[in-house]
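A short worksheet on the structure shown next.
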Amino acid sequence: MQEQPWWQSGVIYQVYPRSFKDASGDGVGDLKGITQKLDYLEWLGVDAVWICPFYPSPMADFGYDVSDYTGVHPMFGTLEDFDELLRGAHEREIKVLIDFVPNHTSDEHPWFQGSRSSRTSPKRDWYVWRDPRPDGGPPNNWISMLGGEPAWTFDKGTGQYYLRTFDAKQPDLNWRNPEVRKAMHGVMRFWLDRGVDGFRIDVLSFLIKDEHLRDNPEHPDWRPGGPPYRRQLRLYSEDRPEVHEVVREMRAAADAYGRDKVLVGESALPPEKLVAYYGKALDGVHLPFNFGLVLVQEWTPKVLRGVVEAYEAALPEGAWPNWFLGNHDGPRIAGRVGAARARVAQMLLLTLRGTPTCYYGDEIGMTDVPISEQLVVDPQGIRNPGHGRDPARTPMQWDATPKAGFCPGGAEPWLPVAEDHAEVNVEAQRGDPRSMLALFRRMIFLRRRFPELAAGSYRSVEAKNEAVFAYLREDERRRGGGGVGQRVLVALNLGASPQRADLSEAGPAGAVLCSTALDREGHVDLDVLELRPNEGVVLLCGDEDLRGQGERE
Ligand code: BGC
Ligand code: MG
């Protein structure tokens, strides 16, 4: 059997660079800060880091408004700092993915400066320009993803509107223009030449717009007060058929650097649409980011199983799945499901079939930090109070000191440090064998130790109890045939009361590999498995009674 590529068996860790570690002492995280924490990431056991944008930028959207794709914002450091970070990561066998933001540049990017300078500028067609409607209004009804206002901004100088799906300072590039494609492939090559291991591609499904720029229909389910960006069905502004050609070309650019380079594409589409981004011949992105566990509304076995199985069923032959619980754009998992269930959620993430991505701080159970009105800095939060993304972007909690070890000296962190940081921090949890951090490491260890978890198939198991979500992970290579047929069973009690499950379908007994509380060992009978409130367990089981087989450690 062929060895699994690293991006299938590995765990990706997302770093929001403003918030991870500030080495320079200005209250904002930076590249040297990440380098200082590589030992931590190695100890944690993750295989790759994905670093959100660190490029020169006016910071209208905290770096997702890039004014130079091949540089480093001085606040984050220098290109040499990036090279050092990359070297340090590679020495520790950690891959580095960087954020690629192809849908839009900053309005301060020289390309856009040229484009807006005159209608005849050679860069004019690099962006999406249109005449006003006869009444002077914007060319169509599309709305901004950040605030719900019109997605068009009028440029007085040249008398036309430009499209900007996000902020007015983020004009959309015109990906129908071959020159744009060529320039952006050049950007990819710039970083691949430096040695990066791949890209997380921002809002991939938005790159191509309807050629007639037709109006979007209103969303039938939208109600006033709901997130403004959901007001329309983005029929004509997102997920257009022509986007797949763009994706294939990006893949070819990455493939030129070998089989180990990986493309992760961001798109919050439902599974049946998302999977098209793998490409018809699996020649699209390797991992179209799967928002299933982020968008799920109810954290119950029935609903979660539905999400997992709808996604599994939609996957094309040979396509590799992936999961994540949260990122820099939405509430943290511990905020969504509560501290106790956050452990179960972490166990779910690290035992489902597919590549897991962990958002920084979730490994210690960081929660959303309430941000008072005058401290809100996220453009989305400023436009729509209550819908801001700052709460999930607060400084990483390294220790119990006043700034949580995030920044040295007297600097004020750019966002407030969580009040709970005296207890919820890396240092405290490193010394506690029952901590969330210990659970996270244990699960990573198990993923490395048991190919069932890293590579095996997924099949749900009847638990004869509605509060329990259970599934088996099996590896063909270890299914009987001379040796003991073995498999890994995961049983998650998602409720706040104790539950008894009957998992005898999976075998007579199981050896405990891990429990969310990290306080169980030995064996359990599968026909009467007692689970405590919000307890998950990972068990090794098989056709025979595995008692006496031991835990193999
Ligand atoms: C990023 C956001 C950003 C947006 C526009 C998203 O998907 O994750 O943080 O605001 O793209 O670039
Ligand atoms: Mg700094």
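The values are calculated or read from the model by the stated rules, or taken from the named source; none is laboratory data. Predicted model, so just to flag it, every value in this text is computed and none were measured. Note that each Cβ is placed from the backbone with ideal geometry, even for glycine, and that neighbours are counted across all protein chains shown. For the accessible areas, the whole protein counts, side chains as well, though only heavy atoms, and no ligand, DNA or RNA atoms are used. Shrake-Rupley method; radii C 1.70, N 1.55, O 1.52, S 1.80 Å.
What to note about this one:
- Matching residues in segment 9-44 - criterion: being of a type in the set (Asp, Glu) and either within 13 Å of ligand 2 (Cβ to nearest atom) or not assigned by TED's automatic domain parsing to the domain that holds Ala89 (or both): Asp22, Asp26, Asp30
- Residue within segment 112-128 that is within 27 Å of Arg430 (Cβ to Cβ), out of contact with any Ser or Thr (no Cβ under 7 Å at 6 or more places or on another chain) and more than 16 Å from ligand 1 (Cβ to nearest atom) present: no
- Qualifying residue in segment 191-208 (condition: touching a helix residue (DSSP H, G or I) at 6+ places or on another chain (Cβ under 9 Å), free of Cβ contacts under 8 Å to residues at least 40 places away in the same chain, surrounded by 21 or more Cβ atoms within 10 Å (Cβ to Cβ) and closer than 21 Å to Asn140 by Cα): yes
- When we screen Leu263, Leu274, Leu269, Leu282 for residues that are modelled with pLDDT of 95 or more, within 16 Å of ligand 1 (Cβ to nearest atom) and open to solvent by 10 Å² or more (accessible area, probe 1.4 Å), the only hit is Leu269.
- Exclusive hit being more than 16 Å from ligand 1 (Cβ to nearest atom), modelled with pLDDT of 95 or more and in contact with a Ser or Thr (Cβ under 6 Å, 6 or more places away or on another chain), set Asp30, Asp26: Asp30
- Qualifying positions in segment 1-42 - within 17 Å of Ala411 (Cβ to Cβ) and small (Gly, Ala, Ser): Ser19, Ala23, Ser24, Gly25, Gly27, Gly29, Gly33
- Selected residue [surrounded by fewer than 22 Cβ atoms within 10 Å (Cβ to Cβ) and either without any contact (Cβ under 8 Å) to a residue 12 or more places away in the chain or in a helix (DSSP H, G or I) (or both)] from Asp39, Asp26, Asp68: Asp39
- Looking across segment 17-56, the residues that are of a type in the set (S, T, N, Q) and either more than 22 Å from the chain's Cα centre (by Cα) or under 14 Å from Phe82 (Cα atoms) (or both) come down to Ser24, Thr35, Gln36.
- Verdict on Val180 being under 30 Å from Leu31 (Cβ atoms), away from ligand 1 (no atom under 16 Å from the Cβ), among the hydrophobic types (A, V, I, L, M, F, W, C) and assigned to a helix (DSSP H, G or I): yes
- Tally of residues being of a type in the set (Phe, Trp, Tyr) and either buried (at least 23 other Cβ atoms within 10 Å of the Cβ) or under 30 Å from Lys464 (Cβ atoms) (or both) across segment 290-308: 1
- Enumeration of residues in segment 448-467 that are out of contact with any Lys or Arg (no Cβ under 9 Å at 6 or more places or on another chain) and open to solvent by less than 10 Å² (accessible area, probe 1.4 Å): Val461, Ala463
- Residues (more than 16 Å from ligand 1 (Cβ to nearest atom) and open to solvent by less than 20 Å² (accessible area, probe 1.4 Å)) located in segment 1-12: Pro5, Gly10, Val11
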